[in-house]
Structure formats: C-alpha cells, structure tokens
Amino acid sequence: MADVYVTLSHSARTMGSLSGPIVVAFAVLAALLWAALRAEEVRLARELRIARTGTSVLRATVTQRQKHAPSLARLVSTKLGRAAVSLADGDRADALDACAGGSPVMRGGRLEKLRAVVDADLERSSGTSAGLDQCVQRLRAMPRIGNREADLYRIHVLAKALLEHGDAPGALALARELEASSDDEARLYGIWLRTWFDLDTTADAAAGDAAKSWTPLSEGPLRMAALLARAHGAERLVEKLEGRLAAIARKTDEE
C-alpha cells in the first residue's frame with residue numbers, strides 16, 4: 001500500500017482521472033458479490049430441500065462438502081442449510097456447531113426468519129416434551145417467510161413435531177390448513193398427519209368436526225408421502241401409508 005501511495009503522490013495524474021477505472025473496479029466487485037450471493041441462495045434452497053427429501057447418503061454428502069468449503073466462500077455463506085440437513089440426519093451436535101459458526105455478514109431479512117425455524121427444529125430434536133411444545137408454539141405463531149423452500153421446511157419441522165408429540169388437535173388444525181394449500185409438496189405433510197392420527201374419522205369426531213369431509217386420498221400422493229416418510233426412517237408411518245394404498249387397491253379390485 002505504501003508503494004502505491006508513493007507512486008500516486010509523484011504521478012502527474014489527478015485522482016479525478018482515475019475515477020473511471022475505480023468505477024469499473026467497483027462495478028466488477030459488485031457483480032462478483034451479486035453472483036456469489038445468488039449462488040449462495042441457490043445452494044441454501046437445495047440444502048433445505050435435501051433436509052426434507054434427501055436420503056441419508058445425500059445428507060452426509062452435504063455436511064462433508066460444507067466442512068471443506070474454501071475460506072473465501074465462507075465469508076458470504078450461511079450454515080443454516082447444513083444445520084437443517086444435520087438435524088434431518090439426527091446429528092444435533094453438528095447442527096449446533098453449524099448455527100454457531102455462520103458468517104457474521106449473512107444476517108437479517110429472511111435469513112433471520114429461517115434461523116428461527118432452525119432454532120425450532122433444534123428444540124424438536126431435544127426429544128423432550130417441553131422442547132416439542134416450544135417448537136410447535138414457535139412455528140404456529142410464525143407467519144410465512146416468503147420463500148418456498150423455507151416455508152416448506154417450516155411445515156416439515158412442524159409436522160414432525162406434531163407427530164413426535166402425539167398432538168392430534170394440533171395435527172387436525174395443520175392438516176386442514178394444508179389440505180387447502182395449492183402446493184402439492186405441502187399437502188404431503190397433511191397426508192402424513194391424516195394417516196398417522198386417522199383424522200378422517202377419529203380426530204374429526206373428537207373435535208366436533210365430523211361435518212367437514214376430507215378430499216379422498218389418491219394413490220399418487222400417498223406414494224409420494226410414503227417415499228418422503230421413508231427418507232426420514234419413519235417406518236411406522238410408512239406402514240400406515242402403505243396400508244391406505246392397499247385399501248385403495250382392494251377397492252379397485254372389487255369394482
């Protein structure tokens with residue numbers, strides 16, 4: 001820097017004459033920063049999707065890749081995606097480490113809303129009744145984030161918490177909400193809840209909601225819901241979903 005200063009101080013050129021190159025340099029830097037942030041947004045969305053739908057092998061690949069990321073890339077990266085993937089893989093310790101080690105410049109806006117969902121997922125993963133209660137309450141009170149993958153991740157965590165807590169009334173409320181959703185993937189979580197709690201009959205009657213009929217479940221969404229449950233090792237839920245598929249097959253044979 002000293003050499004540069006000495007050179008400029010003895011140069012016949014004024015600082016005004018350097019304004020063009022400086023503007024170009026800043027424009028290039030701004031473009032590179034925008035590209036880096038855009039790439040980070042795409043990567044984060046991909047990691048949230050893997051946390052919801054990826055296999056254990058794919059989740060392990062994500063966590064290992066982030067641990068060996070270049071130092072420069074870490075300056076404009078968030079570890080919230082890695083934390084979500086680690087929680088889906090049952091590695092709470094790694095998720096806590098990821099949340100504590102994110103870049104300080106990647107804060108604010110929707111990232112803080114997503115951080116709140118990850119924090120709720122950490123509460124869920126504690127396995128305690130208090131943690132599950134806290135998770136459900138926080139996510140219930142949270143408005144939409146405005147990013148599809150982040151909102152699907154919120155629904156994913158909330159549905160898992162309701163299943164693990166055995167909260168049939170809460171499951172009924174969320175299932176009704178998701179049944180009206182225009183997002184096919186969001187409705188899969190409603191199928192989880194309807195099937196596990198048998199909401200089509202028992203929960204509705206208990207809640208005095210029997211007058212409201214459910215949209216009949218078809219084979220395609222049931223199979224997708226079963227694949228999603230299998231990715232998270234929820235074998236008992238998979239059995240219940242496959243039981244519904246078997247019932248549909250029997251009804252078709254009878255007809």
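No lab work stands behind these numbers, since they all come straight from the coordinates. Since the structure is predicted, the reported quantities are computational estimates derived from the model, not experimental observations.
A few remarks follow.
- Reduced Cα scattering model of the stretch 116-255, Debye log10 I(q)/I(0), q = 0.10, 0.11, 0.12, 0.22 Å⁻¹: -0.33, -0.40, -0.48, -1.49
- In the stretch 95-188, the alpha-carbon atoms span a convex hull of 97 Å³ per residue.
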